[in-house]
Amino acid sequence: MTPRPLPGRSPREERGPRAVGDLIGRLKSQVGLGRSAAALERLEAAWVEAVGRRSAQGARLRSFRGGTLTVDVDSAALAHELGVYHRRALLARLRERSGLPVTELRLRVVGEASPEPEKGPAGTENLA
């Protein structure tokens, strides 16, 4: 498979040594990573404004694909608060402040270990 030349360049200009940074930039643009990274940067600024500094400290934006923003949070309590009580307002603020079509918020708890359920009589689980 013959590589395609960059727009405005002939195949002859594509031969020869090239800087690794140029190759990585070309690859990122071909697979759409540059746009995703730029969108995530815009969303990071909007996220701090939308949730406030305190909540933002317990969360890290992971990815933005197809309108879904995935966020890693440090605790189940924070995930519950943001996902249940503030979801609609957060989505509206993120769209407004970032200018991106954020349609869904996916929160992943990564900062605390889930406690093991206690075993009750005959191996049943007590979910108290």
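What follows is calculated from the coordinates using simple rules that are stated; it is not laboratory data. Owing to the predicted nature of the structure, the values given are computational and were not obtained by experimental measurement. Reconstructed Cβ throughout: ideal geometry from the backbone, glycine too, with neighbour counts over all protein chains shown.
Per-residue extension of 0.36 nm, minus the Cα-Cα distance of ALA38 and ASP74, leaves a gain of 10.5 nm for this segment. Positive contributions from Lys and Arg (+1) and negative ones from Asp and Glu (-1), summed over other residues with Cβ under 13 Å from the Cβ of ALA89, come out at +2.
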